[in-house]
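The values are calculated or read from the model by the stated rules, or taken from the named source; none is laboratory data. The shown structure was predicted, so the numbers you read here are calculated from the model rather than taken from an experiment. All Cβ positions, even for glycine, are placed from backbone atoms using ideal geometry, and neighbour counts span all protein chains on display.
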Amino acid sequence: MVGPRPAARSYTGSMRVLAAMSGGVDSAVAAARAVEAGHDVVGVHLALSRAGGTLRTGSRGCCTIEDAMDARRAADLLGIPFYVWDFSERFREDVIEDFVSEYRAGRTPNPCLRCNEKIKFAALLERAIELGFDAVCTGHYATLVDGEDGLELHRASDAAKDQSYVLGVLTAEQLAHTYFPLGSTPSKALVRAEAAERGLSVAQKPDSHDICFIPDGDTRGWLAEKVGAEQGEILDRDGAVVGTHDGAHAFTVGQRRGLRLGVPAPDGKPRFVLEVRPVSNTVVVGPKEALAIAEISGERRSWAGAAPSLDEFACEVQIRAHADPVPARAFVSAEGVRVVPDAPLDGVAPGQSAVLYVGTRVLGQFTIDRTVSAVPVGA
Amino acid sequence: MHYLDHAATTDLRPEAAEEWLRVARTSGNASSTHGAGQRARRILEESRERLAAVLGCDPIEVVLTSGGTESVNLGVQGLWRSRLEGRDAILLPDGEHHATLDTVTALAAEGARVIPVALDGVGRIPVGSFGAALASEGAAMATALMANNEVGTVNDAAALAASAAEAGVPLHLDAVAAFGHLPLSFAALRADAPAGAGLVALSVAGHKIGAPTGTGALVVARTARLAPLLHGGGQQRGLRSGTQDVAGAAAFALAAELAVAERATESSRLGVLRDRLAAGIRERVPSAELLGDPDPSGRLPGNVHLLFPGAPSESLLFLLDAAGISASAGSACQAGVAEPSHVVRALGRSVAEARSVIRFTLGRTSSDADVDAVLAVIGDAYQRASGAASSGS
């Protein structure tokens, strides 16, 4: 899959760099490398939640006072100025409310991607440029490469940590003001070792995962509270009622557990959620084979660098942060992007972002609006 | 480096620093009965007498604390916990310091009823509505700022104290921002109020006048009913148990004497700098608006508080800091986030406006060079912070 890797962009000379510091190990080491490379670095911690907790609990929670303190102590060690900026209002509007309304519309959003698109590389980057900075630096694992047609976004060297998927929404303009010092590091373990060597107290801090604004990790419970519970029907692919549920938002495509169906399938095989219809508050279920998706398409797209010169091209498509990329053909038109994978895709839900790659390079992405099942009804 | 945040804290006076260390090197617990204890006690009580002289009260009325927040907590909670039966309300003007605001919020959770008093457009507590609220049923106590720490507006403390006396309600006055900058006499403000009513408690802090951080006092009238927060050895009339900080008291007393001695000349010197700073900024940023009282006699001498429409405080503070200028957006919360100022909101301003303010405060070490430094960069900083510099790019 991975061909010869082009060399990562080298940032020579001295840039004015605004380092976004979450309080985690990655952004601390990224800032340290930026300082070491001779750039003029200022650290900033984004307060994204007004109701943030005081202390971390394991790998969950964000914007706690402890995280802000960890970021501040890392900045102290690096000898750089440090500020806490309040982006909680923007975060609530552009990420949290978007997350809720997407679920309400029966779609499955990725809030990390939205945060990169709207907050870190938009609101923060805009402010950085206004204040005279050349680039925003983050601890993301991805690389930037100077290609023939301009700047390119590529996967990180460490495939296990690669975060290019959630950066697929960045545009050429945004990439031009972005700096990822960790992208070429062979492994996260080396970043931790480097943090320890530099004396950064966050060297052994657990990785964050889950959705940062849902502190206990209970996404379903959190959504039920926001969206509200309302009983609806569970249908099979022929439209027959096979059960009831307490709110369509609690279901996601590919889900098997928690359906509590009253009517067994004719063939006795387990059934899976195939579709969520929020307007009618219904959930459609069917056999596992029916989850296979032969085609995806969407209108909302962006190109991470130069737009593709062809209307039709071979690429790989990745539909989740940690899904395997699948060889595919992409068709680009004024209406949007349509992708036909060589082999059917599993677990595709509208609202997800489909990121297109050629080798290690990220071409761009689109938000999935429509899917076509590989198995027609009645087959 | 140009420090224009003297309201946050001001430089330790060299004389106070010296006195602090000199006394700290002597041994003895002021509560011990042996010779060492007696020597410490003598320094402590002399310091208390000197502070009393400066504050216009009796030495027995000076309760030394760890600073403004503790003084306010003792004043507000103490009065509430020893309130008269049948009275359940606290009179709370808008725009008070968080030390007061959050203390009253905590008491409200315990059942206190809060009677708010709205500020006028310049941030002053209207004496009329304060008096009217005092007359309402069940008022147990009242609290008020002598001068607002953010926008610098000076209240009519004498009139507020008089109306509390007349209503028979005890008043706590938060003089942390005013002390050292305005004439202040506890006895004069208390006037001939009846026992347990009118001005009964007054908070001051050491680090705002060049004493060490960690020093402060609550003046508690002899006749006040006030319950302690800290229980233990029964020091300081049983109102504040704990081994007393003799060195801190000595340094605080000296700094207070120096501050009060130079107050008149220093106030007029700072007033001139303040007016030049305010006028100079408005010349360079015509849309900037001075908040608080535009009448110099109605605001703290070192306070310039401005609204910069469309420019986030965070951006302005960053640009000023990068130019070596320390200023503030008001009070900061623990995570270091500049909250939209509740004081600016209390002036009837929007959340967006409350996020676009800068407070410059001058003090003992301020000079024309500090004013010049701000004036040299403020125009460009405003352009950048408001996005005007990069718009269209």
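From the set of residues in segment A:268-292 that are farther than 20 Å from A:Val372 by Cβ and among the small types (Gly, Ala, Ser), which is modelled with the highest pLDDT?
A:Ser280
Taking A:Asp70, is it under 30 Å from A:Thr367 (Cα atoms) and either more than 10 Å from chain B (Cβ to nearest Cβ) or among the basic types (Lys, Arg) (or both)?
On the way: under 30 Å from A:Thr367 (Cα atoms): no; either more than 10 Å from chain B (Cβ to nearest Cβ) or among the basic types (Lys, Arg) (or both): yes.
Judged against the criteria, A:Asp70 is not a match.
On the given criteria, is B:Leu145 under 16 Å from B:Ala157 (Cα atoms) and in contact (Cβ under 8 Å) with a residue 12 or more places away in the chain? It would help to see each step written out before you state the result.
Details: under 16 Å from B:Ala157 (Cα atoms): yes; in contact (Cβ under 8 Å) with a residue 12 or more places away in the chain: yes.
Judged against the criteria, B:Leu145 is a match.
Restricted to segment A:288-306, and to residues that are in contact with a Leu (Cβ under 9 Å, 6 or more places away or on another chain) and outside any strand (DSSP E or B), which residue is farthest from A:Asn116 (Cα to Cα)?
A:Ala290
Conditions tested, residue by residue: (1) closer than 30 Å to B:Gly248 by Cα; (2) touching a residue at least 40 places away in the same chain (Cβ under 8 Å).
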| residue | (1), (2) |
| --- | --- |
| B:Gly37 | yes, no |
| B:Ser47 | yes, yes |
| B:Glu61 | yes, yes |
| B:Ser82 | yes, yes |
| B:Asp94 | no, yes |
| B:Leu107 | no, no |
| B:Arg113 | no, no |
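Tell me, please, whether a residue that is of a type in the set (Ser, Thr, Tyr), more than 14 Å from every other protein chain (Cβ to nearest Cβ), surrounded by 22 or more Cβ atoms within 10 Å (Cβ to Cβ) and touching a helix residue (DSSP H, G or I) at 6+ places or on another chain (Cβ under 9 Å) can be found in segment A:152-164.
Within segment A:152-164, the first condition is being of a type in the set (Ser, Thr, Tyr), and the residues that meet it are A:157, A:164.
Those still in the list that are more than 14 Å from every other protein chain (Cβ to nearest Cβ) too: A:157, A:164.
Narrowing further to those that are surrounded by 22 or more Cβ atoms within 10 Å (Cβ to Cβ): A:164.
Restricting the remaining residues to those that are touching a helix residue (DSSP H, G or I) at 6+ places or on another chain (Cβ under 9 Å) gives none.
No, segment A:152-164 contains no residue that is of a type in the set (Ser, Thr, Tyr), more than 14 Å from every other protein chain (Cβ to nearest Cβ), surrounded by 22 or more Cβ atoms within 10 Å (Cβ to Cβ) and touching a helix residue (DSSP H, G or I) at 6+ places or on another chain (Cβ under 9 Å).
Taking segment A:235-251, which residues are surrounded by fewer than 17 Cβ atoms within 10 Å (Cβ to Cβ) and either within 17 Å of A:Ala290 (Cα to Cα) or touching a helix residue (DSSP H, G or I) at 6+ places or on another chain (Cβ under 6 Å) (or both)?
A:Asp238, A:Gly239, A:Ala240
What residue, of B:Ala30, B:Ala7, is within 23 Å of B:Leu277 (Cβ to Cβ) and surrounded by 14 or more Cβ atoms within 10 Å (Cβ to Cβ)?
On the way: B:Ala30 fails: within 23 Å of B:Leu277 (Cβ to Cβ).
Just a single option satisfies the conditions, and that option is B:Ala7.
Which one is surrounded by the most Cβ atoms within 10 Å (Cβ to Cβ) among residues in segment A:348-379 that are assigned to a strand (DSSP E or B) and among the polar types (S, T, N, Q)?
A:Gln365
Looking at segment B:272-280, is at least one residue under 18 Å from B:Leu347 (Cβ atoms), crowded, with 16+ Cβ neighbours inside 10 Å and either of a type in the set (S, T, N, Q) or at pLDDT 95 or above (or both)?
yes
Would you mind listing the helices (runs of 4 or more DSSP H) fully within segment B:68-145 where at least 3 residues are of a type in the set (S, T, N, Q)?
B:68-81, B:98-109
Looking only at segment A:140-147, decide whether some residue is part of a loop (DSSP other than H, G, I, E, B) and either touching a helix residue (DSSP H, G or I) at 6+ places or on another chain (Cβ under 6 Å) or at pLDDT 95 or above (or both). Show your work before the answer.
Taking segment A:140-147 as the starting set, the residues that turn out to be part of a loop (DSSP other than H, G, I, E, B) are A:140-141.
If we keep only those that are either touching a helix residue (DSSP H, G or I) at 6+ places or on another chain (Cβ under 6 Å) or at pLDDT 95 or above (or both) as well, we get A:140-141.
Within segment A:140-147, one or more residues are part of a loop (DSSP other than H, G, I, E, B) and either touching a helix residue (DSSP H, G or I) at 6+ places or on another chain (Cβ under 6 Å) or at pLDDT 95 or above (or both).
In segment A:252-282, which residues are touching a Leu at 6+ places or on another chain (Cβ under 7 Å) and either loosely packed, with under 13 Cβ neighbours inside 10 Å or over 16 Å from A:Tyr103 (Cβ atoms) (or both)? Quick ask: steps written out before the conclusion?
In the first step, residues of segment A:252-282 are kept if they are touching a Leu at 6+ places or on another chain (Cβ under 7 Å); the result is A:253-254, A:271-272, A:274, A:282.
Scanning segment A:252-282 gives A:Arg271, A:Phe272, A:Leu274.
Residues being more than 21 Å from A:Val253 (Cβ to Cβ) and in contact with a Leu (Cβ under 6 Å, 6 or more places away or on another chain): count how many of those fall in segment A:336-363.
2
How many residues are surrounded by fewer than 18 Cβ atoms within 10 Å (Cβ to Cβ), over 28 Å from A:Lys205 (Cβ atoms) and within 14 Å of chain B (Cβ to nearest Cβ) when one looks only at segment A:74-132?
The total comes to 3.
Going through segment B:180-198 one residue at a time, which ones are part of a strand (DSSP E or B) and touching a residue at least 40 places away in the same chain (Cβ under 8 Å)?
First, the residues of segment B:180-198 that are part of a strand (DSSP E or B): B:182, B:198.
If the condition is that a residue be part of a strand (DSSP E or B) and touching a residue at least 40 places away in the same chain (Cβ under 8 Å), then B:Leu182 is the only one that fits.
Quick check on segment A:292-306. Is at least one of its residues touching a Lys or Arg at 6+ places or on another chain (Cβ under 6 Å) and in contact (Cβ under 8 Å) with a residue 12 or more places away in the chain? Show your work before the answer.
From segment A:292-306, those touching a Lys or Arg at 6+ places or on another chain (Cβ under 6 Å) are A:297; that's our starting set.
If we keep only those that are in contact (Cβ under 8 Å) with a residue 12 or more places away in the chain as well, we get A:297.
Checked segment A:292-306: at least one residue is touching a Lys or Arg at 6+ places or on another chain (Cβ under 6 Å) and in contact (Cβ under 8 Å) with a residue 12 or more places away in the chain.
Given (1) at pLDDT 95 or above; (2) over 23 Å from A:Ala159 (Cβ atoms), where does A:Glu316 come up short, assuming only one miss?
(2)
Of the residues B:Ala89, B:Ala108, which is surrounded by fewer than 18 Cβ atoms within 10 Å (Cβ to Cβ) and more than 19 Å from B:Ser203 (Cα to Cα)? Give the steps one after another, and end with the answer.
Working: B:Ala89 fails: surrounded by fewer than 18 Cβ atoms within 10 Å (Cβ to Cβ).
That would be B:Ala108, the only listed residue that is surrounded by fewer than 18 Cβ atoms within 10 Å (Cβ to Cβ) and more than 19 Å from B:Ser203 (Cα to Cα).
Can you give me the number of residues within segment B:208-234 that are surrounded by fewer than 19 Cβ atoms within 10 Å (Cβ to Cβ) and more than 14 Å from the chain's Cα centre (by Cα)? So that I can check it myself, show each step before the final result.
Just the residues of segment B:208-234 that are surrounded by fewer than 19 Cβ atoms within 10 Å (Cβ to Cβ), to begin with: B:213-214, B:222-223, B:225, B:227, B:229-234.
After this cut, where a residue has to be more than 14 Å from the chain's Cα centre (by Cα) as well, the list is B:214, B:222-223, B:225, B:227, B:229-234.
Count: 11.
If I ask for residues that are surrounded by 15 or more Cβ atoms within 10 Å (Cβ to Cβ) and closer than 15 Å to A:Ala354 by Cα, which ones from segment A:303-319 would you list?
Within segment A:303-319, A:Trp303, A:Ala304, A:Cys315, A:Glu316, A:Val317, A:Gln318, A:Ile319 meet the criteria.
Report whether or not A:Glu173 is within 27 Å of A:Glu89 (Cβ to Cβ) and surrounded by fewer than 22 Cβ atoms within 10 Å (Cβ to Cβ). Walk me through it before giving the result.
Numbers: within 27 Å of A:Glu89 (Cβ to Cβ): yes; surrounded by fewer than 22 Cβ atoms within 10 Å (Cβ to Cβ): yes.
So A:Glu173 fits the description; yes.
Select the helices (runs of 4 or more DSSP H) contained entirely in segment B:291-393, then report the ones holding at least 2 residues which are within 14 Å of another protein chain (Cβ to nearest Cβ) and modelled with pLDDT of 95 or more. It would help to see each step written out before you state the result.
Working: elements: B:313-322, B:342-346, B:351-354, B:368-385.
Here the list reads B:313-322, B:368-385.
Would you call A:Ser184 of a type in the set (S, T, N, Q) and more than 19 Å from A:Asp26 (Cα to Cα)? Let's see the steps before the verdict.
Values: of a type in the set (S, T, N, Q): yes; more than 19 Å from A:Asp26 (Cα to Cα): no.
So A:Ser184 fails the test.
Restrict the check to segment A:208-220 and report whether at least one residue is surrounded by fewer than 17 Cβ atoms within 10 Å (Cβ to Cβ) and over 30 Å from A:Ala122 (Cβ atoms). Outline the logic, then answer.
We begin by selecting, within segment A:208-220, every residue surrounded by fewer than 17 Cβ atoms within 10 Å (Cβ to Cβ); these are A:209-210, A:216-220.
Next cut, over 30 Å from A:Ala122 (Cβ atoms) only: none.
No, every residue in segment A:208-220 fails to be surrounded by fewer than 17 Cβ atoms within 10 Å (Cβ to Cβ) and over 30 Å from A:Ala122 (Cβ atoms).
Please determine whether any residue of segment A:283-302 is of a type in the set (Ser, Thr, Tyr), surrounded by fewer than 20 Cβ atoms within 10 Å (Cβ to Cβ) and more than 28 Å from the chain's Cα centre (by Cα).
Taking every residue of segment A:283-302 in turn, none turns out to be of a type in the set (Ser, Thr, Tyr), surrounded by fewer than 20 Cβ atoms within 10 Å (Cβ to Cβ) and more than 28 Å from the chain's Cα centre (by Cα).
Kindly check whether there is at least one residue in segment A:254-272 that is under 22 Å from A:Pro341 (Cβ atoms), among the aliphatic types (A, V, I, L, M) and either more than 25 Å from the chain's Cα centre (by Cα) or not assigned by TED's automatic domain parsing to the domain that holds A:Gly150 (or both). Break it down into steps so the answer makes sense when it comes.
Just the residues of segment A:254-272 that are under 22 Å from A:Pro341 (Cβ atoms), to begin with: A:254-255, A:272.
Filter again for among the aliphatic types (A, V, I, L, M), leaving none.
Checked against the condition, which is being under 22 Å from A:Pro341 (Cβ atoms), among the aliphatic types (A, V, I, L, M) and either more than 25 Å from the chain's Cα centre (by Cα) or not assigned by TED's automatic domain parsing to the domain that holds A:Gly150 (or both), segment A:254-272 yields no hits at all.
Report every pair of residues separated by at least 6 positions or lying on different chains whose Cβ atoms are under 7 Å apart, first residue within segment A:201-224 and among the hydroxyl-bearing types (Ser, Thr, Tyr), second part of a loop (DSSP other than H, G, I, E, B) and loosely packed, with under 15 Cβ neighbours inside 10 Å.
Listed by first residue and then by second, the contacts come to A:Ser208/A:Ser59.
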